[in-house]
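Notes for the one structure printed next.
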């Protein structure tokens, strides 16, 4: 019979500790959120918009493709081919086609 008051005391102490931990967590979360909001306000400044120009932008590696057509591969002129000049590259291999996949 003496165990019931002791269990209540232990339970009350555990509940008090759990409540304090929850309150501390909420306080830390609130302070962190306030700090993030205060820091973000300084990062919201915007740069001025660039003025439009008639010249195209400078190309950068990994950017979009240029609008001009791609250059053709180097081939000797027909007169040079008649004289015996060979193309710089061998002709491209024919496209290979595999047989259709059979349904199981």
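Side notes on the structure shown:
- In this simple spin-label approximation, residue 28 and residue 103 carry label points 7 Å from Cα along the Cα→Cβ vector, and these lie 6.1 nm apart.
- Distance in nm between pseudo-label sites at residue 92 and residue 36 (7 Å out along the Cβ direction from Cα): 5.2 nm
Values quoted throughout were computed directly from the atomic coordinates according to the rules given, and no laboratory measurement underlies them. What you see is a predicted model, and the numbers here were worked out from it, not measured in a lab. FYI the Cβ positions are ideal-geometry reconstructions off the backbone, even for glycines, and counts take in every protein chain you see.
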